1. For region 197-217, how many residues are modelled with pLDDT of 95 or more and open to solvent by 60 Å² or more (accessible area, probe 1.4 Å)?
2. What is the one condition in (1) hydroxyl-bearing (Ser, Thr, Tyr); (2) closer than 30 Å to residue 187 by Cα; (3) touching an Asp or Glu at 6+ places or on another chain (Cβ under 7 Å) that residue 318 does not satisfy?
3. Which condition from (1) within 21 Å of the chain's Cα centre (by Cα); (2) open to solvent by less than 40 Å² (accessible area, probe 1.4 Å) is the one that residue 392 breaks?
4. Does region 320-340 contain at least one residue that is away from ligand 1 (no atom under 16 Å from the Cβ), open to solvent by less than 10 Å² (accessible area, probe 1.4 Å) and among the small types (Gly, Ala, Ser)?
5. What are the residues in region 325-361 that are of a type in the set (Lys, Arg) and farther than 20 Å from residue 382 by Cβ, if any?
6. Being in contact with a Gly (Cβ under 7 Å, 6 or more places away or on another chain) and surrounded by fewer than 21 Cβ atoms within 10 Å (Cβ to Cβ) is the filter here; which residues of region 218-240 pass it?
7. Can you give me the ranges of the helices (runs of 4 or more DSSP H) entirely in region 265-375 with at least 2 residues that are within 16 Å of ligand 2 (Cβ to nearest atom) and in the same structural domain as residue 126 (by TED's automatic domain parsing)?
8. Quick check on this structure: which one of 267, 314, 257, 242 is within 20 Å of residue 370 (Cα to Cα), over 19 Å from the mean Cα position of the chain (by Cα), at pLDDT 95 or above and of a type in the set (Lys, Arg)?
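The values are calculated or read from the model by the stated rules, or taken from the named source; none is laboratory data. These numbers were taken from a predicted model, which means no experiment stands behind them. Cβ: placed from backbone, ideal geometry, glycine included. Neighbour counts: every protein chain shown. Side chains included, ligands, DNA and RNA excluded: accessible areas come from the protein's heavy atoms. Shrake-Rupley method; radii C 1.70, N 1.55, O 1.52, S 1.80 Å.
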Amino acid sequence: MSRTLRRLVGATGAAVLVAVPTLPSRAVDVAAVRSAPSSTSAAAAPLSVAEALSGQDGSSHTVRGHVVGQPTATDRVVTDGFATDYAIAIAAGAGETDTARILYVQVPSALRSQWGLASTPDLLGEQVDVTGSLAPYFAHAGVTGTSAIEAGDSDPDEPGDPGEPTDPGTYYAGTEGLSGQALKEELHSIISNQTVLSYDDVWEGLKDVDEDTQDTGSVRLLYSGTTSPKGNNGGAVDNWNREHVWAKSHGDFGTSRGPGTDLHHLRPTDVTVNSARGNLDFDTGGTENAEAPGNYADDDSWEPRDEVKGDVARMIFYMAVRYESGDRVDLEVNDRVGNGSAPFMGRLTVLKQWSQDDPPDAFEQRRNERIQANWQGNRNPFVDHPEWVESVF
Ligand SMILES: [Ca+2]
Ligand SMILES: [Ca+2]
(Lines give C-alpha, C1' and ligand atoms only; values in the text may rest on other atoms or scores of the structure.)
(Ligands and ions follow the chains in the order given, each with its own letter.)
Protein backbone atom coordinates (compact mmCIF):
# COMPACT_ATOMS: atom_id res chain seq x y z
CA MET A 1 0.00 0.00 0.00
CA SER A 2 1.32 3.41 -0.88
CA ARG A 3 2.82 5.46 1.88
CA THR A 4 1.16 8.51 0.36
CA LEU A 5 -2.05 7.24 1.93
CA ARG A 6 -0.76 8.28 5.34
CA ARG A 7 -2.93 10.78 7.11
CA LEU A 8 -1.52 13.87 8.70
CA VAL A 9 -1.86 13.62 12.43
CA GLY A 10 -1.23 15.55 15.56
CA ALA A 11 -2.12 19.08 14.51
CA THR A 12 -4.90 19.36 17.05
CA GLY A 13 -2.79 17.95 19.85
CA ALA A 14 0.01 20.44 19.25
CA ALA A 15 -2.42 23.33 19.11
CA VAL A 16 -3.41 23.00 22.76
CA LEU A 17 0.10 24.01 23.77
CA VAL A 18 1.55 27.48 23.34
CA ALA A 19 2.78 28.54 19.93
CA VAL A 20 6.49 29.14 19.37
CA PRO A 21 8.12 31.61 17.01
CA THR A 22 9.32 30.39 13.65
CA LEU A 23 12.76 28.95 14.15
CA PRO A 24 15.75 29.37 11.84
CA SER A 25 16.95 26.53 9.69
CA ARG A 26 18.47 23.46 11.33
CA ALA A 27 21.53 24.01 9.15
CA VAL A 28 23.35 25.74 11.99
CA ASP A 29 26.86 24.87 12.99
CA VAL A 30 26.49 23.25 16.39
CA ALA A 31 29.93 24.40 17.52
CA ALA A 32 28.97 27.97 16.66
CA VAL A 33 25.75 27.60 18.63
CA ARG A 34 27.62 26.25 21.62
CA SER A 35 30.07 29.15 21.65
CA ALA A 36 27.35 31.79 21.27
CA PRO A 37 26.62 33.94 24.31
CA SER A 38 23.83 32.44 26.38
CA SER A 39 21.65 35.50 25.84
CA THR A 40 21.26 34.61 22.16
CA SER A 41 21.22 30.85 22.34
CA ALA A 42 17.47 30.58 22.87
CA ALA A 43 16.91 32.15 19.45
CA ALA A 44 19.20 29.67 17.67
CA ALA A 45 18.09 26.28 16.44
CA PRO A 46 17.59 24.06 19.47
CA LEU A 47 20.13 21.39 20.26
CA SER A 48 19.15 17.76 19.92
CA VAL A 49 19.08 15.62 23.06
CA ALA A 50 22.18 13.80 21.80
CA GLU A 51 24.04 17.10 21.49
CA ALA A 52 22.96 18.10 25.00
CA LEU A 53 24.00 14.74 26.44
CA SER A 54 27.51 15.10 25.06
CA GLY A 55 27.85 18.81 25.85
CA GLN A 56 27.46 18.93 29.64
CA ASP A 57 29.70 21.98 30.05
CA GLY A 58 27.39 24.31 32.00
CA SER A 59 26.63 26.52 29.01
CA SER A 60 23.09 27.77 28.42
CA HIS A 61 21.09 26.37 25.51
CA THR A 62 17.68 25.37 24.28
CA VAL A 63 17.24 21.63 23.78
CA ARG A 64 14.41 19.95 21.89
CA GLY A 65 13.06 16.54 22.85
CA HIS A 66 10.00 14.51 23.70
CA VAL A 67 8.85 14.10 27.29
CA VAL A 68 9.43 10.45 28.20
CA GLY A 69 8.76 10.50 31.94
CA GLN A 70 9.93 11.72 35.32
CA PRO A 71 13.47 10.93 36.53
CA THR A 72 13.46 9.52 40.06
CA ALA A 73 17.05 8.23 40.23
CA THR A 74 20.23 8.26 38.17
CA ASP A 75 19.13 5.13 36.33
CA ARG A 76 15.36 5.35 36.61
CA VAL A 77 12.66 7.25 34.74
CA VAL A 78 9.04 6.51 35.66
CA THR A 79 6.31 6.77 33.03
CA ASP A 80 3.23 6.85 35.26
CA GLY A 81 2.19 7.44 38.86
CA PHE A 82 4.02 10.79 38.84
CA ALA A 83 4.67 11.91 42.41
CA THR A 84 6.01 15.43 41.87
CA ASP A 85 6.49 18.22 39.32
CA TYR A 86 10.19 18.76 40.06
CA ALA A 87 11.73 17.16 36.98
CA ILE A 88 10.97 15.77 33.53
CA ALA A 89 13.00 13.47 31.29
CA ILE A 90 13.31 14.18 27.56
CA ALA A 91 14.66 12.14 24.65
CA ALA A 92 14.77 12.27 20.86
CA GLY A 93 12.02 9.67 20.57
CA ALA A 94 8.87 9.64 22.68
CA GLY A 95 9.27 5.91 23.29
CA GLU A 96 12.84 6.04 24.58
CA THR A 97 13.50 3.97 27.72
CA ASP A 98 17.32 3.79 27.76
CA THR A 99 18.47 6.38 30.34
CA ALA A 100 21.78 6.73 28.45
CA ARG A 101 19.79 8.48 25.70
CA ILE A 102 17.61 10.56 28.05
CA LEU A 103 18.24 14.05 29.43
CA TYR A 104 17.05 15.00 32.96
CA VAL A 105 15.48 18.46 33.16
CA GLN A 106 15.00 20.40 36.36
CA VAL A 107 11.59 22.12 36.49
CA PRO A 108 11.65 25.25 38.69
CA SER A 109 8.65 26.12 40.86
CA ALA A 110 7.36 28.80 38.49
CA LEU A 111 7.02 26.26 35.67
CA ARG A 112 5.75 23.26 37.63
CA SER A 113 2.00 23.71 37.26
CA GLN A 114 2.28 23.76 33.47
CA TRP A 115 5.32 21.58 32.86
CA GLY A 116 5.31 19.10 35.74
CA LEU A 117 4.01 15.59 35.12
CA ALA A 118 2.14 15.26 38.43
CA SER A 119 0.08 18.35 37.50
CA THR A 120 -0.03 17.71 33.74
CA PRO A 121 0.43 14.00 32.98
CA ASP A 122 -0.72 14.60 29.37
CA LEU A 123 2.72 16.10 28.74
CA LEU A 124 4.03 12.58 28.32
CA GLY A 125 4.99 12.12 24.67
CA GLU A 126 4.82 15.85 23.84
CA GLN A 127 7.70 17.60 22.12
CA VAL A 128 9.20 20.45 24.17
CA ASP A 129 11.95 23.05 23.91
CA VAL A 130 13.80 23.42 27.22
CA THR A 131 16.18 26.30 27.98
CA GLY A 132 18.74 26.12 30.78
CA SER A 133 22.30 25.11 31.66
CA LEU A 134 23.69 21.86 30.27
CA ALA A 135 24.68 20.36 33.61
CA PRO A 136 24.09 17.11 35.49
CA TYR A 137 20.90 16.59 37.49
CA PHE A 138 20.25 13.53 39.66
CA ALA A 139 23.91 12.70 38.90
CA HIS A 140 22.84 12.24 35.28
CA ALA A 141 23.31 14.37 32.15
CA GLY A 142 20.73 17.13 32.37
CA VAL A 143 19.48 20.68 32.15
CA THR A 144 19.46 22.74 35.35
CA GLY A 145 18.51 26.32 36.18
CA THR A 146 15.74 25.94 33.64
CA SER A 147 14.43 29.35 32.54
CA ALA A 148 11.86 28.35 29.93
CA ILE A 149 9.94 25.35 28.65
CA GLU A 150 7.81 25.68 25.54
CA ALA A 151 5.93 23.38 23.22
CA GLY A 152 8.21 22.18 20.45
CA ASP A 153 7.76 23.01 16.78
CA SER A 154 6.52 19.66 15.60
CA ASP A 155 6.77 18.86 11.92
CA PRO A 156 3.33 18.27 10.39
CA ASP A 157 4.94 16.60 7.36
CA GLU A 158 6.03 13.63 9.40
CA PRO A 159 2.94 11.49 9.89
CA GLY A 160 3.04 9.20 12.84
CA ASP A 161 5.67 11.20 14.65
CA PRO A 162 5.74 9.31 17.92
CA GLY A 163 5.60 12.54 19.87
CA GLU A 164 2.30 13.59 18.39
CA PRO A 165 -0.98 12.29 19.71
CA THR A 166 -3.07 10.51 17.14
CA ASP A 167 -6.60 11.49 16.35
CA PRO A 168 -9.04 8.81 15.21
CA GLY A 169 -11.40 11.51 13.94
CA THR A 170 -14.83 10.03 13.17
CA TYR A 171 -13.57 6.45 13.11
CA TYR A 172 -15.71 5.46 16.10
CA ALA A 173 -18.88 7.23 14.97
CA GLY A 174 -21.84 5.14 16.10
CA THR A 175 -20.38 4.06 19.44
CA GLU A 176 -21.75 7.04 21.36
CA GLY A 177 -23.63 5.94 24.46
CA LEU A 178 -22.90 2.24 23.93
CA SER A 179 -21.36 -0.09 26.50
CA GLY A 180 -20.82 -3.78 27.14
CA GLN A 181 -21.98 -6.23 24.47
CA ALA A 182 -23.54 -3.49 22.32
CA LEU A 183 -20.25 -1.60 22.25
CA LYS A 184 -18.39 -4.80 21.41
CA GLU A 185 -20.70 -5.51 18.47
CA GLU A 186 -20.42 -1.98 17.09
CA LEU A 187 -16.62 -2.03 17.42
CA HIS A 188 -16.51 -5.42 15.71
CA SER A 189 -18.45 -3.97 12.81
CA ILE A 190 -16.16 -0.92 12.57
CA ILE A 191 -12.80 -2.69 12.82
CA SER A 192 -13.77 -5.58 10.52
CA ASN A 193 -13.61 -3.16 7.59
CA GLN A 194 -9.95 -3.74 6.79
CA THR A 195 -7.38 -4.76 4.20
CA VAL A 196 -6.22 -8.33 4.87
CA LEU A 197 -2.48 -8.88 4.44
CA SER A 198 -0.48 -11.88 3.27
CA TYR A 199 2.05 -13.39 5.66
CA ASP A 200 4.82 -11.98 3.44
CA ASP A 201 3.28 -8.49 3.68
CA VAL A 202 3.66 -8.82 7.46
CA TRP A 203 7.47 -8.57 7.23
CA GLU A 204 7.23 -5.20 5.47
CA GLY A 205 4.40 -4.08 7.72
CA LEU A 206 6.40 -4.75 10.88
CA LYS A 207 9.43 -2.92 9.46
CA ASP A 208 7.18 0.13 9.22
CA VAL A 209 4.93 0.00 12.28
CA ASP A 210 7.59 -1.24 14.72
CA GLU A 211 10.37 0.96 13.38
CA ASP A 212 12.56 2.21 16.21
CA THR A 213 12.18 5.90 16.91
CA GLN A 214 15.95 6.51 17.24
CA ASP A 215 17.30 4.15 14.62
CA THR A 216 14.95 4.03 11.65
CA GLY A 217 16.98 1.18 10.14
CA SER A 218 15.86 -1.10 12.96
CA VAL A 219 12.72 -2.52 14.53
CA ARG A 220 12.02 -2.64 18.24
CA LEU A 221 11.61 -6.13 19.68
CA LEU A 222 8.55 -6.65 21.88
CA TYR A 223 9.77 -8.74 24.79
CA SER A 224 13.46 -7.90 24.96
CA GLY A 225 12.96 -4.16 24.37
CA THR A 226 16.10 -4.11 22.24
CA THR A 227 16.35 -3.29 18.54
CA SER A 228 17.39 -5.35 15.54
CA PRO A 229 18.23 -4.23 11.99
CA LYS A 230 15.20 -4.43 9.71
CA GLY A 231 17.07 -6.75 7.37
CA ASN A 232 17.87 -9.18 10.19
CA ASN A 233 14.49 -10.89 9.86
CA GLY A 234 14.38 -14.66 9.53
CA GLY A 235 14.32 -17.90 11.44
CA ALA A 236 17.89 -18.26 12.68
CA VAL A 237 19.10 -17.72 16.23
CA ASP A 238 19.37 -13.94 16.87
CA ASN A 239 17.20 -13.09 13.85
CA TRP A 240 13.90 -11.38 14.55
CA ASN A 241 10.64 -13.00 13.49
CA ARG A 242 6.87 -12.54 13.56
CA GLU A 243 5.47 -13.21 17.02
CA HIS A 244 1.74 -13.97 17.20
CA VAL A 245 0.86 -12.36 20.52
CA TRP A 246 -2.45 -14.21 20.29
CA ALA A 247 -0.71 -17.56 19.83
CA LYS A 248 -1.88 -18.98 16.51
CA SER A 249 -2.51 -22.41 18.02
CA HIS A 250 -5.23 -20.89 20.24
CA GLY A 251 -7.93 -21.30 17.61
CA ASP A 252 -5.53 -22.93 15.15
CA PHE A 253 -5.78 -20.11 12.61
CA GLY A 254 -2.29 -20.50 11.12
CA THR A 255 -0.63 -17.93 8.90
CA SER A 256 -2.94 -17.78 5.89
CA ARG A 257 -4.69 -14.45 5.33
CA GLY A 258 -6.76 -13.54 8.38
CA PRO A 259 -6.09 -13.52 12.12
CA GLY A 260 -2.65 -15.03 11.54
CA THR A 261 -1.59 -12.04 9.43
CA ASP A 262 -3.23 -9.25 11.44
CA LEU A 263 -0.56 -6.64 12.31
CA HIS A 264 -2.52 -5.51 15.35
CA HIS A 265 -1.21 -8.53 17.30
CA LEU A 266 1.98 -9.34 15.39
CA ARG A 267 5.28 -7.99 16.75
CA PRO A 268 8.96 -8.42 15.98
CA THR A 269 10.64 -10.65 18.56
CA ASP A 270 13.98 -12.37 18.96
CA VAL A 271 13.65 -15.88 17.51
CA THR A 272 14.63 -17.74 20.68
CA VAL A 273 12.60 -15.48 22.96
CA ASN A 274 9.59 -16.05 20.70
CA SER A 275 10.13 -19.77 21.02
CA ALA A 276 10.39 -19.49 24.83
CA ARG A 277 6.99 -17.76 24.91
CA GLY A 278 5.59 -20.48 22.63
CA ASN A 279 1.81 -20.60 22.93
CA LEU A 280 1.61 -19.83 26.65
CA ASP A 281 -1.32 -17.88 28.05
CA PHE A 282 -0.53 -14.64 29.90
CA ASP A 283 -0.28 -14.52 33.70
CA THR A 284 2.21 -13.42 36.34
CA GLY A 285 5.11 -15.41 37.70
CA GLY A 286 7.76 -17.94 36.78
CA THR A 287 11.45 -17.86 35.97
CA GLU A 288 13.03 -14.82 34.38
CA ASN A 289 14.04 -15.24 30.76
CA ALA A 290 17.84 -14.93 30.57
CA GLU A 291 17.80 -13.38 27.11
CA ALA A 292 14.92 -10.98 27.79
CA PRO A 293 15.15 -9.78 31.40
CA GLY A 294 11.86 -8.68 32.92
CA ASN A 295 9.92 -11.45 31.15
CA TYR A 296 8.93 -14.55 33.13
CA ALA A 297 7.64 -17.98 32.20
CA ASP A 298 6.35 -21.03 34.03
CA ASP A 299 4.64 -24.20 32.80
CA ASP A 300 1.42 -22.56 31.73
CA SER A 301 1.98 -18.82 31.37
CA TRP A 302 4.18 -15.97 30.16
CA GLU A 303 4.59 -12.60 31.88
CA PRO A 304 5.93 -9.87 29.56
CA ARG A 305 8.09 -7.01 30.85
CA ASP A 306 6.27 -4.14 32.56
CA GLU A 307 6.72 -1.70 29.65
CA VAL A 308 4.65 -3.83 27.28
CA LYS A 309 2.16 -5.50 29.62
CA GLY A 310 -0.58 -3.09 28.55
CA ASP A 311 0.38 -3.40 24.87
CA VAL A 312 -0.01 -7.19 25.12
CA ALA A 313 -3.37 -6.88 26.88
CA ARG A 314 -4.76 -4.45 24.32
CA MET A 315 -3.63 -6.68 21.44
CA ILE A 316 -5.48 -9.61 23.00
CA PHE A 317 -8.62 -7.51 23.55
CA TYR A 318 -8.49 -6.34 19.94
CA MET A 319 -8.39 -9.94 18.71
CA ALA A 320 -11.38 -10.97 20.83
CA VAL A 321 -13.48 -8.14 19.37
CA ARG A 322 -12.19 -8.35 15.79
CA TYR A 323 -12.78 -12.11 15.41
CA GLU A 324 -16.34 -13.13 16.16
CA SER A 325 -18.82 -15.80 15.17
CA GLY A 326 -19.02 -15.76 11.36
CA ASP A 327 -15.31 -15.02 10.97
CA ARG A 328 -12.75 -17.75 10.39
CA VAL A 329 -12.62 -18.24 14.15
CA ASP A 330 -14.32 -16.62 17.18
CA LEU A 331 -11.58 -15.66 19.61
CA GLU A 332 -12.42 -14.88 23.24
CA VAL A 333 -10.63 -14.03 26.46
CA ASN A 334 -11.20 -16.13 29.58
CA ASP A 335 -9.84 -16.16 33.10
CA ARG A 336 -7.81 -19.34 32.70
CA VAL A 337 -4.34 -20.40 31.66
CA GLY A 338 -3.46 -23.63 29.86
CA ASN A 339 -6.05 -22.98 27.13
CA GLY A 340 -4.08 -25.11 24.68
CA SER A 341 -5.60 -25.13 21.18
CA ALA A 342 -9.01 -23.79 22.27
CA PRO A 343 -9.83 -20.37 20.72
CA PHE A 344 -9.33 -18.70 24.09
CA MET A 345 -6.59 -16.63 25.71
CA GLY A 346 -6.14 -15.83 29.38
CA ARG A 347 -5.92 -14.68 31.99
CA LEU A 348 -8.63 -12.03 31.72
CA THR A 349 -8.33 -10.44 35.18
CA VAL A 350 -4.55 -10.15 34.84
CA LEU A 351 -4.76 -8.67 31.33
CA LYS A 352 -7.27 -6.07 32.52
CA GLN A 353 -4.93 -5.09 35.33
CA TRP A 354 -1.98 -4.86 32.92
CA SER A 355 -3.96 -2.59 30.61
CA GLN A 356 -4.60 -0.26 33.55
CA ASP A 357 -1.03 -0.36 34.86
CA ASP A 358 0.57 0.30 31.47
CA PRO A 359 -1.60 2.78 29.51
CA PRO A 360 -0.99 3.40 25.78
CA ASP A 361 2.24 5.25 25.09
CA ALA A 362 3.39 7.18 22.03
CA PHE A 363 5.04 4.17 20.39
CA GLU A 364 1.88 2.10 20.68
CA GLN A 365 -0.22 5.01 19.39
CA ARG A 366 2.08 5.57 16.43
CA ARG A 367 1.88 1.87 15.64
CA ASN A 368 -1.92 1.98 15.66
CA GLU A 369 -1.89 5.03 13.42
CA ARG A 370 0.51 3.47 10.92
CA ILE A 371 -1.44 0.22 10.72
CA GLN A 372 -4.53 2.17 9.77
CA ALA A 373 -2.81 4.65 7.44
CA ASN A 374 -0.34 2.38 5.67
CA TRP A 375 -1.52 -1.21 5.88
CA GLN A 376 -4.89 -2.38 7.10
CA GLY A 377 -7.16 0.66 7.35
CA ASN A 378 -8.42 -0.36 10.80
CA ARG A 379 -7.52 0.59 14.37
CA ASN A 380 -7.24 -1.06 17.78
CA PRO A 381 -10.07 0.60 19.76
CA PHE A 382 -8.40 -0.13 23.09
CA VAL A 383 -5.31 1.91 22.19
CA ASP A 384 -7.54 4.87 21.37
CA HIS A 385 -9.99 4.25 24.23
CA PRO A 386 -8.36 2.17 26.98
CA GLU A 387 -11.42 2.85 29.15
CA TRP A 388 -13.44 0.58 26.85
CA VAL A 389 -11.58 -2.47 28.22
CA GLU A 390 -13.60 -2.27 31.42
CA SER A 391 -16.85 -1.78 29.52
CA VAL A 392 -16.45 -4.62 27.02
CA PHE A 393 -14.69 -7.17 29.24
CA1 LIG B 1 3.42 0.05 27.18
CA1 LIG C 1 -14.64 -12.87 19.63
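1. Within region 197-217, residues that are modelled with pLDDT of 95 or more and open to solvent by 60 Å² or more (accessible area, probe 1.4 Å) number 2.
2. Evaluating residue 318 over (1) hydroxyl-bearing (Ser, Thr, Tyr); (2) closer than 30 Å to residue 187 by Cα; (3) touching an Asp or Glu at 6+ places or on another chain (Cβ under 7 Å) leaves (3) as the failure.
3. (1)
4. Yes, region 320-340 contains a residue that is away from ligand 1 (no atom under 16 Å from the Cβ), open to solvent by less than 10 Å² (accessible area, probe 1.4 Å) and among the small types (Gly, Ala, Ser).
5. Once the filter is applied, which keeps residues that are of a type in the set (Lys, Arg) and farther than 20 Å from residue 382 by Cβ, region 325-361 yields 328, 336.
6. From region 218-240, those in contact with a Gly (Cβ under 7 Å, 6 or more places away or on another chain) are 229-230; that's our starting set.
Residue satisfying the conditions is 229 alone.
7. none
8. Only one candidate passes the filter, namely 257.
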